Amino acid sequence: MSLENVLRDMGVVGAGGAGFPTHIKVANKYDVVIGNGAECEPLLYNDKYIIERQGEEVVKGLELIMQSTGAKKGVIALKKKYLSIAGNIKKAIAEKKNISLFLLRDYYPVGDEFILVQEITGKVIPEGGIPPDIDCLVNNVETLRNVYMAEKGNAVTRRALTCIGEVKKPSIIIARIGTSFREIINLCEPTTIEDFVVIVGGPMMGKVVFDLDTPVTKTTTGILVLPRDHPLVLKKTLRIEYIIKQSKAACCQCSYCTDLCPRYLLGHELYPHKIMRQINFGLDLPHKIIQNAFLCSECGLCEVFACPMELSPRIINQKIKENLLAAGYQPKFSGKEENPRELLEYRKIPSSRIKNRLRLDKYDEDGRHPLPVIETDPDQVEILLKQHTGVPSKPVVKIDEQVNEGDLIAEIPKGELGARLHASIKGKITYIDEERIIIKK
């Protein structure tokens, strides 16, 4: 069976981003395959855990993709400061001439695939493009590990994530897909703070979640437990109407948001300060400046570090994209390769400064890694049917049906983009609707 079919059958998706089905990615040919172990968001440690404990499996997954796609070169990228944990990877690639380790400086957002590709290959992905446009494929290191496991016949039923913040026992969690955030937080022993919320993912690009019964998905990288009144939580929960009014009233057109924008520095025609100015004129007719909001990666560097008025060009860009897509507008870009701007090398912001700006130093002391590792063993899992790029999966089981871990419970609708889902525990199907399947032991 081809690797493409194996990954489709086992439900492998991108573990570090939007959950794009990996079987679609490996259906093409590439020159270079990159394993992304940069983990640039502060407070996340799960990729480092994968690199340290399962480095050989990461390399084997990379080799499988290289063989399938005809790639001549494989690269595993991680930050130089974490070289000490890469022993298994260094050992696994010692005799391999076509796979190398690429060491990155510790700046934000070095894990962004546009920046990663430019660092490793020297090429810039075109505006509105993706890595395959320049014959590159980028996969998170946990995705590569899942590729290897899939080839061995193991479906994606668990994932590594970091639980940190207002907990007594910050940990790496090996979570069954569908485990509730509440159960994970309890395993890490929440502090005496009663009024807390969760940021899912990293502190920069993650989203605030108030419902602790929310389940883990294949793309859940982190659970950050913070007081409800933490500045980061307050910033992320501002109403969009207030953000727009604040932007119109307070933006001083200093252009710092543009000067430090990672995509602008790569050569893309993204000018956040001009977009902030343009929103005063409305969005009825997408001007090129407004259209280029689609180039924004939403890394958040502008709002956290660049803007002296503490405004949020990121959220403005995000809402512009949502509104224009809802109106049926599709942006058009030239597709030509850009050249990085001369100041790129001098405007890379150290991750430590980002962590300090976010007021998260107390949760992430240097030397904290390695964190303890905890595996979940839930009595019930709630498996969402939409936890990947594409359409929701379609249930293929019935209520009261008995399933084992790894059994197929939801299929990709015919002719659609999506991913299969599998039972993450042994038990009985107790509930099915258009959004979820619940399994109890």
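Readers should treat all values here as calculations from the given coordinates under stated rules, not as data from a laboratory. Please read these numbers as outputs of a predicted model, since none were measured by experiment. When we count neighbours, we look across all protein chains shown, and the Cβ atoms used for this are built from the backbone with ideal geometry, even at glycine.
With bins 5 Å wide starting at 0, give me the P(r) of the stretch 380-441 over every alpha carbon pair, in whole percents. For the stretch 380-441, the pair-distance distribution reads 4, 23, 32, 24, 12, 5, 0.
Normalised Debye scattering of the stretch 287-441 at q = 0.17 Å⁻¹ gives log10 I(q)/I(0) of -1.02, counting only Cα atoms as equal scatterers and leaving out solvent. A cut-off under 12 angstrom between Cβ atoms defines the neighbours of Arg8, and their net charge, with Lys, Arg +1 and Asp, Glu -1, is -1.
Result for the chain in a Gaussian network model with C-alpha springs under 10 Å: among Gly17, Gly328, Gly153, the largest mean-square fluctuation is at Gly328.
Working from Cα pairs under 8 Å separated by at least six residues, relative contact order for the chain is 18 percent.
Run through the DSSP bridge list for the chain and note the antiparallel percent, rounded to the nearest 5. Of those bridges, close to 60 percent are antiparallel. Alpha-carbon geometry of the stretch 240-349: the Rg and the Dmax are 13.5, 39 Å, given in that order. When the Cα convex hull of the stretch 275-337 is projected onto planes of every orientation, the mean area is 4.9 nm².
For the stretch 203-268, compute Rh as the Kirkwood radius over C-alpha pairs and then the Stokes-Einstein diffusion coefficient at 10 °C and 1.306 mPa s; write the answer in µm²/s, rounded to an integer.
Rounded to a whole number, D works out at 105 µm²/s.
Sorted ascending by nearby beta carbons within 10 Å, beginning with the fewest, Leu234, Leu421, Leu116, Leu224 become Leu234, Leu116, Leu224, Leu421.
Seen from Asn88, the other residues with C-beta closer than 10 Å to its C-beta sum to a net charge of 0, counting Lys and Arg as +1 and Asp and Glu as -1. In the stretch 61-217 the Cα-Cα distances spread across 10 Å bins starting at 0 as 9, 29, 32, 23, 6, 0 percent of all pairs. Considered as an equivalent ellipsoid built on the Cα gyration tensor, the stretch 3-151 has semi-axes of 20, 18, 15 Å, the largest given first.
Qualifying trypsin sites (Lys or Arg not before Pro) in the stretch 191-244, where qualification requires a DSSP coil assignment and no more than 10 other C-beta atoms within 10 Å, comprise Arg239. Size descriptors for the stretch 166-280 (Cα atoms only): Rg and Dmax, in that order, 18.2, 48 Å.
Helical runs assigned H by DSSP (4 residues or longer) give the chain a calculated mean residue ellipticity at 222 nm of -8000 deg cm²/dmol, each run adding -39500 (n - 2.57) before division by the residue total.
Of Met1, Met10, Met309, the sequence from fewest to most neighbouring Cβ atoms within 10 angstrom is Met1, Met309, Met10.
Looking at the stretch 262-358, which trypsin sites (Lys or Arg not before Pro) are DSSP coil and have at most 13 other C-beta atoms within 10 Å of their C-beta? Listed in order of number, the matching sites are Lys332, Lys336. Put simply, the Cα atoms of the stretch 112-179 extend 43, 36, 20 Å along their principal axes, the longest span coming first. Panel values: the chain, Kirkwood radius from alpha carbon pairs, Stokes-Einstein at 37 °C and 0.692 mPa s, translational diffusion coefficient 145 µm²/s.
Straight-line reach from Lys362: taking Cα to Cα under 20 Å and skipping same-chain neighbours fewer than 8 places apart, the aspartates and glutamates in range are Glu39, Glu41, Asp106, Glu166, Glu189, Glu194, Asp195, Asp229.
Full extension of the chain between Glu241 and Asn280 gives 12.7 nm of extra length, using 0.36 nm per residue less the Cα-Cα distance.
Under 19 Å of direct C-alpha separation, and excluding same-chain neighbours fewer than eight residues apart, Lys97 reaches these lysines: Lys60, Lys72, Lys73.
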